[in-house]
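**Q** Quick one: this structure, given as structure tokens, is what I'll be asking you about.
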Amino acid sequence: MSRLTVLYFASLRDAAGLAEETVDTDAADLAGLYEALRARHGFALPRKRLRVAVDGAFACWGDAPRAGSEVAFIPPVSGG
Amino acid sequence: MSRLTVLYFASLRDAAGLAEETVDTDAADLAGLYEALRARHGFALPRKRLRVAVDGAFACWGDAPRAGSEVAFIPPVSGG
Amino acid sequence: MDAARRFRLSAGPIEIAPLHARLRHPAAGACATFEGWVRDHHDGRAVRGLRYEAYAALAEAEGERIVAAALARFDLKAALCVHRVGDLAVGDLAVWVGVASAHRGAAFEACRAIIDEIKRDVPIWKRERYAEGDAGWLHPGEGEGGRGA
Amino acid sequence: MDAARRFRLSAGPIEIAPLHARLRHPAAGACATFEGWVRDHHDGRAVRGLRYEAYAALAEAEGERIVAAALARFDLKAALCVHRVGDLAVGDLAVWVGVASAHRGAAFEACRAIIDEIKRDVPIWKRERYAEGDAGWLHPGEGEGGRGA
């Protein structure tokens, strides 16, 4: 079981009702972490439309969640 | 014989030593007018590298010189 | 913006003059800029204003990477970009890109490449407020709202 | 510049702010600008400054035609261009083009088309002063000096 921080932005934050939370996870990878949190918060966005970042850098869905890290799910961006 | 005004710009003006002159011409067209003035002033630029304008609008080399008009020979431009 | 940074987020109005001054270079003959302004409409709906939110740490790293890549890829003398976050009204400046180069081809191409990549990769999100009173986050995807300024 | 004119020659320094203000439009989401600056070199020679001379009547008519054609051809909200004449130093602004559009594609393409056509068709000539003390008119042609900013 790893304890980490998850950040939510834009529509994910609205759906979760919070900007960040501390999560204890036994997911094998970041994909599994997202699916568990999607089920908990009812996120509409499927994983294939997101990117994932760990500690401020883009990461891979297959990476294992690391205890103490900061994970962010990145919805499709709309800057500019 | 038509009396008209000829304007010179850039290297043509330097070669002619004047910015404009009054010319009496019996050339059949503006091409002939340029060739006569080129011989008089020793212009280096061949006619095929120039454009010609009459009274502030681009014209055709085959146009006849018109008495009282203002003719300008336009060397290759280099603005911008 | 500190002198070493070529991309930043701005919580207040973007001041163009000091950015423009940083592009100046005696060997530069061409300067291309792009400004994204808040439009009064989007996908047929009247827009009253919008809010930009960023994942700041990653946005600044990605923005810097994009501008640095343009400097490496094109023959440039300078390139800078600033993106607003927070609440904006119609007509406000949302993003500014400026590029200086010896010749205009590289300046136009690099300026276009930078704004295209900023819009594609930098984690910034837009929440539009509509004339009808509702609002929504834009998450461009297959067939929906992918067409920006 | 009077409100109806979209191209003009300027005998003094070009003031960008009032031109930029004229581009503003609530439906414009994209603004592209191009600035031509006097470079310190040309074709391998050190340049000290230059002089632009124009056939003013024809230059203003051609410039206006070019900007009007871009407004007709691209989906623009506004487009303007000003070109300097007279003596300029290295770093001075020689030409400014600004375009506003709903979307960035049209803004970039129109801005590029306008400066390309201004450089190709408007009767303005550049006389460069070189570090060695000599000077010369540029008449770009086959294989010589055709490559501008």
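**Q** Answer yes or no: is there a residue in the range D:105-127 that is more than 16 Å from the chain's Cα centre (by Cα) and either at positive phi or surrounded by 21 or more Cβ atoms within 10 Å (Cβ to Cβ) (or both).
**A** Within the range D:105-127, not a single residue is more than 16 Å from the chain's Cα centre (by Cα) and either at positive phi or surrounded by 21 or more Cβ atoms within 10 Å (Cβ to Cβ) (or both).
**Q** Would you call B:Tyr8 surrounded by 15 or more Cβ atoms within 10 Å (Cβ to Cβ) and without any contact (Cβ under 8 Å) to a residue 40 or more places away in the chain? Let's see the steps before the verdict.
**A** Values: surrounded by 15 or more Cβ atoms within 10 Å (Cβ to Cβ): yes; without any contact (Cβ under 8 Å) to a residue 40 or more places away in the chain: no.
Answer is no for this residue.
**Q** Let me ask something additional. Yes or no: C:Glu35 touching a Lys or Arg at 6+ places or on another chain (Cβ under 8 Å), crowded, with 16+ Cβ neighbours inside 10 Å, within 12 Å of another protein chain (Cβ to nearest Cβ) and of a type in the set (Asp, Glu)? Show your work before the answer.
**A** On the way: touching a Lys or Arg at 6+ places or on another chain (Cβ under 8 Å): no; crowded, with 16+ Cβ neighbours inside 10 Å: yes; within 12 Å of another protein chain (Cβ to nearest Cβ): yes; of a type in the set (Asp, Glu): yes.
No: the conditions fail for C:Glu35.
**Q** Give D:Gly86, D:Gly63 a once-over and let me know the one that is in contact with a strand residue (DSSP E or B) (Cβ under 9 Å, 6 or more places away or on another chain), modelled with pLDDT of 95 or more and crowded, with 17+ Cβ neighbours inside 10 Å. It would help to see each step written out before you state the result.
**A** Numbers: D:Gly86 fails: crowded, with 17+ Cβ neighbours inside 10 Å.
Answer to the selection: D:Gly63.
**Q** Continuing with the same structure: Residue check, D:Ser10 against (1) closer than 26 Å to C:Asp40 by Cβ; (2) more than 12 Å from chain C (Cβ to nearest Cβ), all met but one. Which one?
**A** (1) is the only condition that D:Ser10 fails.
**Q** Further question on the same structure: Against the conditions (1) in a strand (DSSP E or B); (2) under 19 Å from C:Asp121 (Cβ atoms), where does A:Trp61 fall short? Just the number, please.
**A** Tallying (1) in a strand (DSSP E or B); (2) under 19 Å from C:Asp121 (Cβ atoms), A:Trp61 fails exactly one: (1).
**Q** Do we have any residue at all in the range B:34-55 that's in contact (Cβ under 8 Å) with a residue 60 or more places away in the chain and either in contact with a Gly (Cβ under 9 Å, 6 or more places away or on another chain) or closer than 30 Å to D:Val95 by Cα (or both)? Show your work before the answer.
**A** Looking only at the range B:34-55, we keep the residues that are in contact (Cβ under 8 Å) with a residue 60 or more places away in the chain, and these are none.
Scanning the range B:34-55 turns up no residue that is in contact (Cβ under 8 Å) with a residue 60 or more places away in the chain and either in contact with a Gly (Cβ under 9 Å, 6 or more places away or on another chain) or closer than 30 Å to D:Val95 by Cα (or both).
**Q** Being surrounded by 15 or more Cβ atoms within 10 Å (Cβ to Cβ), of a type outside the set (A, V, I, L, M) and assigned to a loop (DSSP other than H, G, I, E, B) is the filter here, so list the residues in the range C:1-32 that pass it.
**A** C:Arg6, C:His25, C:Gly29
**Q** Which is part of a helix (DSSP H, G or I) and touching a strand residue (DSSP E or B) at 6+ places or on another chain (Cβ under 6 Å), of A:Leu37, A:Leu33?
**A** On the way: A:Leu37 fails: touching a strand residue (DSSP E or B) at 6+ places or on another chain (Cβ under 6 Å).
Just a single option satisfies the conditions, and that option is A:Leu33.
**Q** I need the strands (runs of 3 or more DSSP E) fully contained in the range D:43-149, keeping only those with at least 1 residues that are within 18 Å of C:Pro26 (Cα to Cα) and more than 10 Å from every other protein chain (Cβ to nearest Cβ). Full working, then the answer.
**A** Details: elements: D:45-54, D:76-84, D:86-89, D:93-101, D:124-130, D:135-137.
Qualifying strands (runs of 3 or more DSSP E): D:45-54, D:86-89, D:124-130.
The values are calculated or read from the model by the stated rules, or taken from the named source; none is laboratory data. The shown structure was predicted, so the numbers you read here are calculated from the model rather than taken from an experiment. All Cβ positions, even for glycine, are placed from backbone atoms using ideal geometry, and neighbour counts span all protein chains on display.
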